[in-house]
Amino acid sequence: MSSKQVVFFIILAFIIVIPIAYAQEISIGEKAEQKSVEVVISSSDKIHVKHVITSSNSPKQVELINGTITNLIVSDEEGKEKQVVIIGDNDGVIIYPSQKNIIVEYDLEDVLFLKNNVWTWDFRYLETTSFIIPKEVDLIFVNNRPVYLGEKNGISCHGCQMILEYSIDEPRILENIKLENKEFLIEIRTFAEINQFNFDQQIKSISFDVNGENQFVTTIIPLELLSRPYNVYMGGEKIFFHEYINNGTHVWLNIRPDNSGIVSITGATVIDDEKSTIQNNSSTVRSNVSQDTIIYILLGVIVSVGLAIMVIMMRKKKSSVNSRVIQDDNNKT
């Protein structure tokens with residue numbers, strides 16, 4: 001047996017005799033280089049994790065994601081299972097030297113919690129991690145900020161520490177508004193109860209009653225009906241909101257009120273109308289001023305020409321008189 005193997009087995013024996021309570025605080029061997037970390041969340045809220053570890057000629061340590069770990073399997077790229085040393089209560093693993101990339105897979109439980117129809121995961125793993133979200137979900141929240149997935153199936157998180165939240169089968173309320181012979185469709189997505197929807201045509205403001213605490217409420221508004229900038233009020237006071245996804249025809253506004261109450265959303269439509277009126281009035285004033293200026297200029301030119309003609313005529317007359325006086329003097333001589 002070589003000296004390297006002896007040292008390696010001594011390290012392994014040392015790991016085994018360390019109390020589990022302290023194993024998480026001790027790092028044995030170098031940190032493994034991870035090519036990728038993938039977290040797949042299924043519709044039934046089951047989680048499967050896959051780490052791809054770069055090949056190495058020395059033992060490497062891989063920290064696993066916090067949670068209840070089951071069905072832990074370590075294999076090479078060809079699917080051949082590998083022996084590893086487990087640190088603590090599935091807190092991490094020590095991987096033997098390998099000329100091939102190593103794959104560490106396991107199921108993860110006790111990390112996703114359902115509250116008020118929202119699945120929540122307080123996630124922390126300081127490696128770049130890809131999340132595959134259930135296919136029924138097209139909108140998630142990362143640290144309370146909305147992220148619209150659209151046709152994408154997940155996100156990538158760098159040096160990841162976040163609160164991940166999402167809902168499945170979120171109800172959608174559709175409200176149809178008729179304005180100036182046009183129809184506009186407003187969509188509200190939320191698990192809260194929505195009542196008393198109203199559109200004030202005079203000030204072009206949307207309002208509705210939200211019955212539910214700490215619920216996400218997403219309103220999808222046609223830009224032609226209500227344009228930026230927006231303000232959102234609850235109980236007559238401005239509240240914080242996220243504006244995102246502007247596809248040229250609609251904008252998405254998201255709020256998460258702490259309490260139930262009347263929510264109103266106003267845009268810049270009324271202000272724009274007032275600006276337009278002011279600009280039109282200003283244009284009319286400028287037009288009138290321009291016409292008056294032209295008239296004054298013409299009058300000034302006419303007066304100037306008249307004065308010039310009078311001066312010339314007076315000079316000619318004076319010259320003619322002087323000529324006659326000279327002739328008379330010559331005749332007398």
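The values are calculated or read from the model by the stated rules, or taken from the named source; none is laboratory data. As the structure is a prediction and not an experimental result, all values here were calculated from the model. Every residue, glycine as well, gets a Cβ built from its backbone with ideal geometry; the counts of neighbours run over all protein chains shown. Note: accessible area is taken over every heavy atom of the protein model, side chains too, but ligands, DNA and RNA are not part of it. Shrake-Rupley method; radii C 1.70, N 1.55, O 1.52, S 1.80 Å.
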So, relative contact order of region 164-270 in percent, Cα under 8 Å, 6 or more apart, is 27
The size of the Cβ-based charge dipole (Lys, Arg +1; Asp, Glu -1) of region 34-163 about the Cα centre, to the nearest 20 debye, is 300
P(r) of region 127-219 in 10 Å steps, Cα pairs, percent per bin? 13, 37, 27, 17, 5, 0
For region 85-132, what is the charge dipole size about the Cα centre, in debye to the nearest 20, if Lys and Arg each add +1 at the Cβ and Asp and Glu each add -1 at the Cβ? 180
In whole Hz, what ³J(HN,Hα) sequence does region 118-124 give by Karplus (6.51, -1.76, 1.60; θ = phi - 60°), x for Gly and Pro? 10, 7, 10, 9, 8, 9, 8
Once the piece of chain linking residue 122 and residue 33 is laid out straight, how much longer is it, given 0.36 nm per residue of separation minus the C-alpha distance between them? 29.6 nm
Please give me, ordered by residue number, the GluC sites (Glu not before Pro) of region 205-247 that lie in loop per DSSP and have at most 16 other Cβ atoms within 10 Å. 213, 224
Per-residue SASA entry for residue 158, accessible area with 1.4 Å probe, Å² rounded to 10: 140
Segment residue 183-residue 80, length gained on full extension (0.36 nm per residue, minus Cα span): 30.9 nm
Given a cut-off of 32 Å, name the pairs among 115/182; 46/238; 182/238 whose C-alpha atoms lie farther apart than that in the structure shown. 115/182; 46/238
